[in-house]
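Report on one structure; see the data block that follows.
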Amino acid sequence: MKQLYILLFVLLVNSCTKNEFSAESNLPGDEDFQKEIQSELNRYFSEEPNKTLKINWHLLNNKPLEKENSYPEYFVWVKIYEDKRLVNQGLTKLLVKDKKFHSISFMNDERLRQVPYDAEREFTTEILKKSKIKFQIQQKANRIIKDGKIPN
């Protein structure tokens with residue numbers, strides 16, 4: 001009986017602690033949320049010190065995508081300008097860890113259209129629909145799509 005109480009206690013303590021991968025333990029506060037995204041995107045895309053880039057972005061998911069044993073993910077449509085001229089645009093996946101955003105992938109609009117299999121692997125169908133790229137990908141690839149999925 002004593003072992004049962006110990007087991008129950010351990011289970012109770014375990015269920016009360018925050019998962020290191022949970023959104024609530026990793027997301028920055030509301031006041032820092034947009035500032036942190038902008039800061040990370042500026043860092044990620046401004047690798048050349050001589051270039052002055054302006055990064056505009058649009059959040060595609062209001063709630064983070066949470067997978068088991070993975071940090072929460074957000075997806076943003078990014079437009080990159082140099083001297084008021086659009087030089088690149090596409091989808092970026094942001095991982096949230098320790099209240100900071102980390103860019104883990106970027107696929108520009110041209111690649112999204114030309115390599116649909118990569119886009120389907122990297123981004124969810126919902127995100128591709130929201131970015132209005134999914135249908136362009138389908139047309140470019142000349143594939144028959146059934147139930148919103150590219151057949152194997």
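The values are calculated or read from the model by the stated rules, or taken from the named source; none is laboratory data. No experiment lies behind these values; they were computed from the predicted model shown. No Cβ is skipped: glycine too gets one built from the backbone with ideal geometry, and neighbour counts run over all protein chains shown.
Listed by position, the helices (runs of 4 or more DSSP H) inside the stretch 86-136 whose residues that are closer than 19 Å to PRO64 by Cα and modelled with pLDDT under 80 number at least 2 are 125-130. When restricted to residues that are in contact with a helix residue (DSSP H, G or I) (Cβ under 7 Å, 6 or more places away or on another chain) and more than 14 Å from GLU126 (Cβ to Cβ), the stretch 77-91 contains 4. If I filter the stretch 30-41 down to residues being surrounded by 13 or more Cβ atoms within 10 Å (Cβ to Cβ) and at pLDDT 85 or above, which single residue comes out as farthest from LEU86 (Cα to Cα)? Checking each candidate, the answer is GLU36. Considering TYR5, TYR71, TYR44, the condition of being among the hydroxyl-bearing types (Ser, Thr, Tyr), surrounded by fewer than 10 Cβ atoms within 10 Å (Cβ to Cβ) and either under 26 Å from GLU126 (Cα atoms) or at pLDDT below 70 (or both) is satisfied by TYR5 alone.
Looking across LYS63, LYS54, one residue alone is in a strand (DSSP E or B) and over 16 Å from SER103 (Cβ atoms). It is LYS54.
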